[in-house]
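Novice: Supplied in structure tokens, the structure appears directly below.
The values are calculated or read from the model by the stated rules, or taken from the named source; none is laboratory data. Please read all numbers here as calculations on a predicted model, not as lab measurements. Glycine gets a Cβ as well: all are built from the backbone with ideal geometry, and neighbour counts include every protein chain shown. Only protein heavy atoms, including side chains, enter the accessible area calculation; ligands, DNA and RNA are left aside. Shrake-Rupley method; radii C 1.70, N 1.55, O 1.52, S 1.80 Å.
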Amino acid sequence: MEIAIIGSGYVGLVTGACFADVGHSVVCVDNDQKKVDGLQSGHIPIYEPGLEEVVYRNVSAHRLRFTNSTADGVDHSQIVFIAVPTPPQPDGSVDLTYIEKVAREIAEVLKEYRVIVDKSTVPVKTGEKVAETIRRYNKARVEFDVVSNPEFLREGCAVADLMNPDRIVIGSNSDRALALMKKVYEPFMAPIMVTDINSAELIKHAANSFLALKISYINAISAICEASDADVERVADGIGADKRIGRSFLNAGLGYGGSCFPKDVAAFIAISEQLRVPFTLLQEVERINGAQLERFLKKIRDTLWVLKDKRIAVWGLTFKPDTDDVRNSVAISLINNLLQEGAVVQVYDPKGMEKSAELKMCVGATLAKSAIAATENAEALVLATEWDEFKNVDFVQVRKSMHTPIIFDGRNLFDPSTMTELGFRYFGIGRSGVR
Ligand code: UDX
């Protein structure tokens with residue numbers, strides 16, 4: 001199939017590269033010429049395991065190319081995917097400026113039938129608006145169909161998620177469009193779920209909000225565990241063993257962050273309000289998420305007392321492991337809180353240091369060269385992101401390097417008894433009952 005992807009950001013790039021990898025001919029469009037040139041010569045602007053190889057392989061095989069021209073993309077494809085950003089507005093609702101602009105651009109260059117696919121995360125009924133816009137701006141009155149095909153990619157394993165999806169959701173009201181969409185996804189051999197367009201759009205917000213709710217649920221339980229001397233890890237195992245519940249996304253910690261969950265939960269609240277059926281449960285999900293960092297900071301204050309001039313090592317900057325993405329990272333909020341209270345913060349992250357420095361996200365913190373270097377003379381070590389690298393650090397050396405051996409584990413990465421045996425005072429999340 002010949003496919004165009006408009007928007008070569010995170011979703012567009014991974015989708016385009018993987019479509020090319022299964023044999024489709026893909027052109028990725030982006031209005032940033034510098035980015036287009038970089039991508040064409042193999043420079044990947046984000047860290048995503050496996051992505052560079054896939055892009056390189058398919059550019060070399062001439063199955064994948066990049067352009068800044070929407071006309072070029074639309075002319076040379078049967079299907080046009082829209083994968084542009086849908087950022088939040090200050091009130092939580094979704095800014096659809098880029099979607100509307102791309103719809104107009106497509107309309108202006110549309111000469112024959114195309115399927116226009118919304119891949120970006122959009123509020124329910126956006127498909128209708130996209131179709132309306134294309135109809136209005138396409139002077140040639142060409143036939144087209146709009147389809148919704150939400151993505152469910154996790155940063156850090158987006159290539160694997162795209163290649164082996166749990167399900168593919170296609171929202172379409174046209175058999176012609178559906179037949180073409182099925183051809184796109186045939187090589188992936190995954191279950192395809194066909195729905196109407198509105199339901200497909202809703203599935204995306206409902207799925208992400210449900211996952212966020214699961215995280216807030218276990219985080220609320222972690223507070224109860226701390227108040228009752230129980231261990232949240234055992235509770236999560238106990239409830240997660242029930243197949244109806246499942247163990248994944250029941251990891252208590254500092255709360256969810258990143259470019260999706262906070263934005264999508266806020267958007268779903270705004271959408272429900274606009275539809276006059278307020279989804280107030282999600283407000284509680286947000287509240288619990290924010291409270292998790294507050295409770296953790298209180299634990300640090302209760303233990304270290306005054307934070308001013310205390311030297312604190314922080315491991316982790318990214319919003320989760322295996323990515324260099326520091327947007328909406330709870331680790332960054334934590335560091336800024338410590339800095340605000342006058343602490344001397346020494347940070348290390350395997351992949352997030354460059355982006356956080358570039359974006360000036362925690363000005364005042366010292367970026368250390370290694371995990372051990374960050375702990376030098378520190379009065380406490382805070383684990384904010386659960387990178388595998390941190391599991392394999394030599395804790396005998398960490399203990400020697402630190403001024404006082406205290407660990408605040410914000411992601412329950414370490415085994416409390418091992419840490420205690422190594423001579424550390426250990427504080428996790430919801431683990432006060434651990435002996
Ligand atoms: C998410 C969805 O998983 C994905 O399907 C969607 O398309 C985009 O949004 P992503 O934001 O990349 O993906 O990360 P994810 O792995 O879902 O984690 C989100 C946040 O939740 C992270 O901050 C993570 O640390 C936190 N989290 C996750 C928990 O605190 N506990 C958990 O059990 C799982």
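Novice: Would you mind checking which residues have amide H under 5 Å from residue 376's amide H? H placed 1.01 Å from N; only 5 or more apart, or other chain.
Specialist: Hits under the 5 Å cutoff: none.
Novice: For the range 7-21, in order, what is each residue's ³J(HN,Hα) by Karplus, 6.51 cos²θ - 1.76 cosθ + 1.60 with θ = phi - 60°, in whole Hz (x at glycine and Pro)?
Specialist: Along the range 7-21, the couplings run x, 9, x, 4, 5, x, 5, 5, 5, x, 5, 6, 4, 5, 5 Hz.
Novice: On to the next question. Compute the angle between helix 175-185 and the longest alpha-carbon principal axis of the chain, please, reported from 0 to 90 degrees and rounded to the nearest 10.
Specialist: Here the helix axis deviates by roughly 50 degrees.
Novice: Please turn the phi angles of the range 58-75 into ³J(HN,Hα) values with the Karplus equation 6.51 cos²θ - 1.76 cosθ + 1.60 (θ = phi - 60°), one per residue in order, whole Hz, x for glycine and proline.
Specialist: Running phi through 6.51 cos²θ - 1.76 cosθ + 1.60 with θ = phi - 60° gives 7, 5, 4, 7, 6, 9, 9, 9, 10, 8, 9, 9, 5, 4, 4, x, 5, 4 Hz.
Novice: May I ask which residue of 304, 383, 334 lies farthest towards the positive end of the charge dipole of the chain, with charges of +1 (Lys, Arg) and -1 (Asp, Glu) on Cβ and the Cα centre as origin?
Specialist: My answer, from the dipole projection, is 304.
Novice: With just the Cα atoms defining each centre, how far is the range 32-58 from the range 306-328? Give it in Å.
Specialist: Going from one Cα centre to the other spans 27 Å.
Novice: Does anyone have the angle between helix 261-274 and the longest principal axis of the chain? Alpha-carbon axes, 0 to 90°, nearest 10?
Specialist: Approximately 60 degrees, to the nearest 10.
Novice: For the range 210-427, what is the charge dipole size about the Cα centre, in debye to the nearest 20, if Lys and Arg each add +1 at the Cβ and Asp and Glu each add -1 at the Cβ? It would help to have the intermediate numbers written out before the result.
Specialist: Working: 26 positive and 29 negative charges, 59 e Å.
Computed charge dipole of the range 210-427: roughly 280 debye.
Novice: Measuring from centroid to centroid over Cα atoms, what is the spacing of the range 371-435 and the range 90-155 in Å?
Specialist: Distance between centres, Cα-based: 48 Å.
Novice: In the neighborhood of residue 350, defined by Cβ-to-Cβ distances under 15 Å, what is the net charge if each Lys or Arg adds +1 and each Asp or Glu adds -1? It would help to have the intermediate numbers written out before the result.
Specialist: On the way: positive: 320, 351, 355, 369, 391, 411; negative: 48, 155, 322, 324, 325, 349, 354, 386, 388, 389.
Combined, the nearby Lys, Arg, Asp and Glu give -4.
Novice: Setting aside same-chain residues fewer than 8 positions from residue 183, which aspartates and glutamates have a Cα under 12 Å from its Cα?
Specialist: Straight-line reach from residue 183, under 12 Å: 2.
Novice: In addition: Among 285, 199, 84, whose Cα lies farthest out toward the positive end of the dipole of the chain, if unit charges sit on the beta carbon of Lys, Arg (+1) and Asp, Glu (-1)?
Specialist: Sorting the options by dipole projection puts first 285.
Novice: Near residue 34, which lysines are there with a Cα under 29 Å away, not counting those fewer than 8 places off in the same chain?
Specialist: Filter leaves 101, 111, 119, 263, 320, 351, 355, 360.
Novice: Oh, and also: Springs between alpha-carbon atoms under 10 Å, Gaussian network over the chain: tell me which of 399, 136, 244 tops the mean-square fluctuations.
Specialist: Between 399, 136, 244, it is 244 that shows the largest mean-square fluctuation.
Novice: Turning to a different aspect of this structure: How long is the gain from residue 309 to residue 132 if the chain were fully straight, where each residue apart is worth 0.36 nm and the alpha carbon distance is subtracted? Don't skip to the answer; put the middle values down first.
Specialist: Working: separation 177, 0.36 × 177 = 63.72 nm, distance 5.93 nm.
Gain on stretching residue 309 to residue 132: 57.8 nm.
Novice: Rounded if a/c is under 1.5, else prolate if a/b is larger than b/c, else oblate: which is the range 246-402, with a ≥ b ≥ c the root eigenvalues of its Cα gyration tensor?
Specialist: Values: a/c = 2.05, a/b = 1.84, b/c = 1.12.
It comes out prolate by the Cα gyration axes.
Novice: With a 1.4 Å probe and all protein chains in place, put 309, 32, 325 in order of accessible area, largest first. Intermediate results must be reported in sequence, preceding the final value.
Specialist: Details: 309 105, 32 70, 325 15 Å².
Output order, biggest surface exposure first: 309, 32, 325.
Novice: Among 266, 116, 8, pick out the residue whose Cα is farthest towards the positive end of the charge dipole of the chain, where Lys and Arg carry +1 and Asp and Glu carry -1 on C-beta, about the Cα centre.
Specialist: Value computed over the given set: 266.
Novice: Please report the relative contact order for the range 77-178, taking Cα pairs under 8 Å with a sequence separation of at least 6, and give it as a percent rounded to a whole number. Working shown, then result.
Specialist: On the way: 144 pairs, mean separation 26.3, N = 102.
Relative contact order here is 26 percent.
Novice: Quick one: order 137, 56, 217 from most to least accessible surface, probe 1.4 Å.
Specialist: Details: 137 80, 56 155, 217 125 Å².
Result, largest first: 56, 217, 137.
Novice: Separate question: Would you pull out the residues with amide H under 5 Å of residue 382's amide H, same chain only if 5 or more places away, H placed 1.01 Å from N?
Specialist: 313, 314, 315, 408
Novice: Over the chain, what is the mean sequence separation of C-alpha contacts under 8 Å (at least six apart), divided by residue count, expressed as relative contact order in percent? Please report the intermediate quantities before stating the final value.
Specialist: Numbers: 885 pairs, mean separation 52.1, N = 435.
Relative CO of the chain lands at 12 percent.
Novice: At 1.4 Å probe size, what's the solvent-accessible area of residue 132? Round to the nearest 10 Å².
Specialist: Only protein atoms counted, so the area is about 80 Å².
Novice: If you don't mind, there's one more thing I want to ask. Compute the relative contact order of the range 218-308 as a whole-number percentage, counting only Cα pairs closer than 8 Å that sit 6 or more residues apart in sequence. Could you put the intermediate results ahead of the total?
Specialist: Numbers: 59 pairs, mean separation 22.4, N = 91.
Answer for the range 218-308 is 25 percent.
Novice: Quick one: ranking 273, 286 by accessible area, 1.4 Å probe, largest first, what do you get?
Specialist: Numbers: 273 95, 286 70 Å².
Highest to lowest solvent-accessible surface, that is 273, 286.
Novice: Compute the acute angle (0 to 90°) between the alpha-carbon long axis of helix 281-304 and the principal axis of greatest extent of the alpha-carbon atoms of the chain; round to the nearest 10°.
Specialist: 30
Novice: Let me ask something else. To the nearest 20 debye, what is the magnitude of the charge dipole of the range 159-267 about its Cα centre, counting +1 on the Cβ of each Lys and Arg and -1 on the Cβ of each Asp and Glu?
Specialist: Details: 11 positive and 13 negative charges, 84 e Å.
So the magnitude is around 400 debye.
Novice: Work out from phi, with θ = phi - 60° and the Karplus expression 6.51 cos²θ - 1.76 cosθ + 1.60, the ³J(HN,Hα) of each residue of the range 390-401, listed in order in whole Hz, and give x for Gly and Pro.
Specialist: These are the phi-based 3J(HN,Hα) values: 6, 5, 9, 6, 7, 6, 5, 5, 4, 4, 5, 6 Hz.
Novice: Additional query: Skipping prolines and chain starts, which residues have an amide H placed within reach, meaning under 5 Å, of the one on residue 195, given they are 5 or more residues away or on another chain?
Specialist: Those lying under 5 Å, H to H, from residue 195 are 170, 171, 172.
Novice: Calculate the all-directions average of the projected area of the chain's alpha-carbon convex hull, and give it in nm². Before the final figure, lay out each step's value.
Specialist: Numbers: hull surface 86.1 nm².
It is 21.5 nm².
Novice: How large is the dipole of the chain about the Cα centre if only Lys and Arg carry +1 and Asp and Glu carry -1, each at its Cβ, rounded to the nearest 20 debye? Write down the numbers at each step before the final one.
Specialist: Numbers: 50 positive and 58 negative charges, 82 e Å.
For the chain, the charge dipole is close to 400 debye.
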